Structures are given as structure tokens and as C-alpha cells.
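As C-alpha cells, the structure follows; a few thoughts come after it.
The values are calculated or read from the model by the stated rules, or taken from the named source; none is laboratory data. Being a predicted model, the structure only gives us computed values, none of them experimental. Ideal geometry is used to build each Cβ from the backbone, glycine not excepted, and the neighbour counts take in all protein chains shown. Note: accessible area is taken over every heavy atom of the protein model, side chains too, but ligands, DNA and RNA are not part of it. Shrake-Rupley method; radii C 1.70, N 1.55, O 1.52, S 1.80 Å.
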Amino acid sequence: MSATSYDYDLFVIGGGSGGVRAARRAAALGKRVAIAEEYRFGGTCVIRGCVPKKLLVYASQFSEAWEDARGYGWQFGEKHFDWPQLIANKDNEIERLERIYHANVEKAGAKVLMSRAVLEGPHEIRLTATDKRVTAETIVLATGGRPNPHPGLPGAEHCITSEEAFHLKRLPQSIVILGGGYIAVEFANIFLGLGVETTLVYRGQEILQGFDDDVRHELHQAMAQKGMSVRCRDTLEKVVQKPDGRLEAHTACGDVLDADEVMLAIGRKANTENLGCETAGVELDKRGAVVVDEYSRTTADNIYAIGDVTHRMQLTPVAIHEAMCLVETLYRNNPTKPDYDTVPTAVFSQPEIGTVGLTEAAAAETYDELEVYKTMFRPMKNTLSGRDGKMMIKLIVDAASRRVVGTHILGPDAGELAQVLGIAVKAGVTKDQFDATMAVHPTASEEIVTMYEPSYRIRGGERIG
Ligand code: NDP
């Protein structure tokens, strides 16, 4: 079959961040593109992830801002928080963004098909809404993922995940959250900020595995100090619904936690069920994610996969980057592998984490000698407000090359700082160049360029003072 005898040059399955970007870029290059979406344009990020989450984070921060304002002379009347109003406003904003996503794909010239699409062969796709079959020279799977449902937990059917958390009719008075990753930690802080009695149950030694140990420890302390119950080295064994509808979460350590809601945040699963991958020769790994090579090509020659469905790095900007690389590879005669090195990231906890590059532990395994610069201080804003919260800034420097190989920040706007530091670390900037940079005063982040002496060194993996 020649290329032009297919209905489309490119068929994208999934209208999330990765799929939409691939469709728009390819269509803008004059390719005949179709994109199928079974539910709503925007995918996890816009509809049930990053965007609504950040809106809830903002909402939850007002309780502290309200208290802090008093130290600055403000007096208010009684506080009242309206959860249904917040959810309605958030839903309106999500609908607005969804319309923009949809319109942008059409404006770029791609055909939008509101249907589930399944593979019927390497070049054949069936649209389930109409039972129509179409063909494409190239297919991109960008179907994303969804919360892991934890079928092994008795009573899991009584629990919610992040998806339902965005649509609760009422704000619970108490919640137990299982997990210690991004989603568990972010939602625990959202609920705590909104005044909910919050318990985080995590099976490991310390929350946020993979992040720098100091950041993990300090965040844990900060959350506990604000009144969250953080139970590490524990997990849930069953969840029981009581006659009044409330829940009992039974933990492995033998405690029974009463709560209005129990939320599971134990990772995400690729959306590959009933997608027809077997029919088209697309191999899945044992977790059900699509197996791809360095160019996002699946085991079927003309089928590619990008974003969360591949379980590489489940982050929106990474999915978008994978889409951009794919279009370069396919349509611009420029084979491009996605670059996963030095990806900045943030956890929208309270305080926030912003991080880029290696953790101290990972850097100690990679480099012979490190200089670690670390400072913890009370940001100026917390003086008049009387708030205890500290900010931590940590730089990891390879002593031989002087390159800053990791930066870890815990504190206000750490996510914003990670974006800027990401440029410097990616560019291979040295500590001497940090030192040569003029401070912006008075800011909290000026400490990034004013830590002249290392707090300690690490040689051969050992701390040497
Ligand atoms: P994560 O992989 O970050 O964390 C999953 C957590 O659940 C871990 O703490 C894990 O423990 C725990 N866990 C896994 N299985 C079980 C189990 N059977 N019983 C008890 N605990 C279990 O997943 P999330 O769901 O939090 O988030 C998914 C992904 O979404 C993230 O990895 C991230 O890439 C992305 N994301 C990014 C955000 C951002 O950029 N700000 C925000 C939200 C999500 P252990 O550590 O021991 O394995």
C-alpha cells in the first residue's frame, strides 16, 4: 500500500498533552492527521491532574495566607470556605481549557474524532462510536494512564483516587491517604490546608522516594508540624465501611483510622486495555505499559507511543517533549531521541519542592568528590506573620569539574525556582558562575548565589566534614 492510499498520514489515539502536541505539529507540517479522543481533550494534565490539582493547591494556601496577614496588620471577620463553589469554579476553568485544546488541534488542520479508537492491525483503526474503520501510515498511541486501583486491598471499592477527589460533593472532615509519592503528598497538603484532618500512610522509610533525603525529611517534619499525621513504615490492610457510611482504615501496624474518605495514590497504570495492541504487534511490558525504543517506536514498525502510556517519565512536559522529538524524527528528517537528562520537577506540597539534577545520594555514587552547600532559614515573609516554616536550599557540586549537578529547594515558589535553575544545571553551569552572579536582594532565592563555603564534602561516598 502506498503512503497516499491510507486515509491519514498520522493517526493519534488520545487527546492529552502528548497526543495533541504530536497532532498539531504534524498537521502544521502539512501532514494529513486525525486525532481520536474518547472523553475530553486535555488528558490527565488538564482534566484530572496537574491543572485542577494546582487550582486546589492555590485554594488550600489561603488558610495560611489568612493567618499570616494578621501579622501584617490585616483584620478579617469569620472565615468561611465553600468547597462546592471551588469545585464549580475549577470545573469552569477546566472546560475553558478543554475548549482551547480542542480548537487548537482543529486550527492546526487535524481532524478531530470524538470516539474511542482501537487498533485492528498495524495500519487499521476502528472508531468505536461509529464502528467505522480508517487507515493510517503511522499511528501514535498517546492514551495516558489512570490511577492504580489496588485490587488487592479488601474494601478498595470504598476508596477514592485523585480522579474522584476532584469531584467530591462535600469536603470531608477527615481523610486517610495511602502512598508517599507526588499525588499522595500533594493531596495530603491540599486537604490539610483546607482544614481536613489528614493522615498519610506510606509503606517506606520516608515519603517521596527518589527525592533528596534532606528535602524528604524536612518536608515530612513541616507537614507533621502543621498537624498532619504522617505514618511511614505502615500500610493499609483493609478498608471497612461502617453503617453510617464512614470508613475504617485498618493499618498493618494494627491501628484503625476512622475517616470520611480513604484515598489511594499508589501509582498509575497505562491505558492499554482493549486497545488492540496484540492485534497490531505492539508489545506491552509486565505492568501493561507500551514498550518503546529510544525514538518512541513500539515493536510494530509504524506505531509509536508517547507520554504516560509508556511509563518512561510521567510528567506533562516530558510527554510534550516526546511528541516534539517524534515529529522531528518522522517528518523533519531529523531523528531525535527524547532527552531525559536533568529534568526539573516540582512537588506542590506545602512547603513546595523544586528540584533539578542529582540527589546527594545519587551524586555520591556518580562522582568521586562532592561539595554540598546547604542552608536553612526563615524566609522574611515569615517574620511578621510569626510562621515557623523554614526554607531549605541545597546545591550539590562535583568538586573536580565545579559543575552544579543538583539543586534542591524546599520552600515558597520552589517550583518556579526549579524552572530557572533547570536552565543553569542543564547548561552545565559551575559553582564559580553561581558565585559570580549578583544576588537579587531581598529575596529568599539570593541564597542560591551567596553560599560561598561548602557545608560539607563527600569523598568516595563518605561524608568528610
Ligand atoms: P508515585 O509513583 O509517585 O508514587 C506511588 C506511591 O505509592 C509510592 O510512594 C509507592 O511506594 C506507593 N505504593 C505503590 N504501590 C503500593 C502498594 N501496593 N501499597 C502501598 N503503597 C504503594 O505515583 P503517584 O500515583 O503519586 O503519581 C504518579 C506519577 O504522576 C508520578 O510518578 C509523577 O511522575 C506524576 N505526577 C507528577 C506531579 C508533578 O509533577 N508535580 C504531580 C502528580 C503526579 P514506594 O515509594 O515504596 O514504591
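Which residues, counting only those in segment 216-226, are free of Cβ contacts under 8 Å to residues at least 24 places away in the same chain, within 14 Å of ASN189 (Cβ to Cβ) and open to solvent by 40 Å² or more (accessible area, probe 1.4 Å)?
Correct list: GLN221, ALA224.
Give me the residue from segment 216-228 that is away from the ligand (no atom under 16 Å from the Cβ) and charged (D, E, K, R) and, out of that set, farthest from the chain's Cα centre (by Cα).
By that ranking, first place goes to LYS226.
Looking at (1) within 20 Å of ARG268 (Cβ to Cβ); (2) more than 21 Å from the chain's Cα centre (by Cα), which one does GLU163 not meet, given that it meets all the others?
(2)
For segment 216-246, which residues satisfy the criterion of being part of a helix (DSSP H, G or I) and farther than 25 Å from LEU358 by Cα?
Correct list: ALA224, GLN225.
Which of (1) more than 30 Å from ASP68 (Cβ to Cβ); (2) under 24 Å from the mean Cα position of the chain (by Cα) is the odd one out, the single condition THR407 does not satisfy?
(1)
Which members of segment 107-129 meet the condition of being closer than 12 Å to GLU37 by Cβ, open to solvent by 40 Å² or more (accessible area, probe 1.4 Å) and outside any loop (DSSP other than H, G, I, E, B)?
LYS111 - this is the single residue of segment 107-129 that is closer than 12 Å to GLU37 by Cβ, open to solvent by 40 Å² or more (accessible area, probe 1.4 Å) and outside any loop (DSSP other than H, G, I, E, B).
Out of (1) among the charged types (D, E, K, R); (2) assigned to a strand (DSSP E or B); (3) modelled with pLDDT under 95, the odd one out for ASP388 is which?
Result: ASP388 passes all but (2).
What residue, among those in segment 22-77 that are among the acidic types (Asp, Glu) and part of a helix (DSSP H, G or I), is surrounded by the fewest Cβ atoms within 10 Å (Cβ to Cβ)?
Only one residue fits best here, namely GLU67.
Please specify each residue of segment 227-247 satisfying the condition of being on the phi > 0 side of the Ramachandran plot and among the basic types (Lys, Arg).
Correct list: ARG233 only.
Counting only residues that are in a loop (DSSP other than H, G, I, E, B) and either open to solvent by 40 Å² or more (accessible area, probe 1.4 Å) or aliphatic (A, V, I, L, M) (or both), how many does segment 435-462 have?
Summing the residues that are in a loop (DSSP other than H, G, I, E, B) and either open to solvent by 40 Å² or more (accessible area, probe 1.4 Å) or aliphatic (A, V, I, L, M) (or both) in segment 435-462 gives 16.
For VAL240, all conditions in the list (1) aliphatic (A, V, I, L, M); (2) surrounded by 22 or more Cβ atoms within 10 Å (Cβ to Cβ); (3) more than 11 Å from the ligand (Cβ to nearest atom) hold save one; what is the number of the exception?
Unmet for VAL240, out of (1) aliphatic (A, V, I, L, M); (2) surrounded by 22 or more Cβ atoms within 10 Å (Cβ to Cβ); (3) more than 11 Å from the ligand (Cβ to nearest atom): (2).
Checking GLY357 against (1) farther than 16 Å from GLU447 by Cβ; (2) more than 26 Å from the chain's Cα centre (by Cα), only one condition comes out false. Which one?
(2)
Out of the residues in segment 258-279 that are over 23 Å from HIS167 (Cα atoms), more than 23 Å from the chain's Cα centre (by Cα) and in contact (Cβ under 8 Å) with a residue 60 or more places away in the chain, which is surrounded by the fewest Cβ atoms within 10 Å (Cβ to Cβ)?
For segment 258-279, the residue satisfying everything is ASN274.
Quick one: what pairs do we get from segment 312-324, first residue more than 7 Å from the ligand (Cβ to nearest atom), second open to solvent by 40 Å² or more (accessible area, probe 1.4 Å), C-beta under 6 Å, 6+ apart or different chains?
Matching pairs, first to second residue: THR316/CYS50; ILE320/ARG21; ALA323/ARG21.
Cβ contacts < 7 Å: first residue within 9 Å of SER385 (Cα to Cα), restricted to segment 68-82; second residue open to solvent by 100 Å² or more (accessible area, probe 1.4 Å), any location; separation 6+ or different chain. Result?
From segment 68-82, the pairs are GLY71/LEU384; TYR72/LEU384.
Wholly within segment 254-372, which helices (runs of 4 or more DSSP H) include no fewer than the required count, namely at least 3 residues that are closer than 29 Å to LEU178 by Cβ?
Ranges flagged: 316-331, 360-366.
Can you report the number of residues in segment 341-386 which are open to solvent by 50 Å² or more (accessible area, probe 1.4 Å), away from the ligand (no atom under 16 Å from the Cβ) and not hydroxyl-bearing (Ser, Thr, Tyr)?
10
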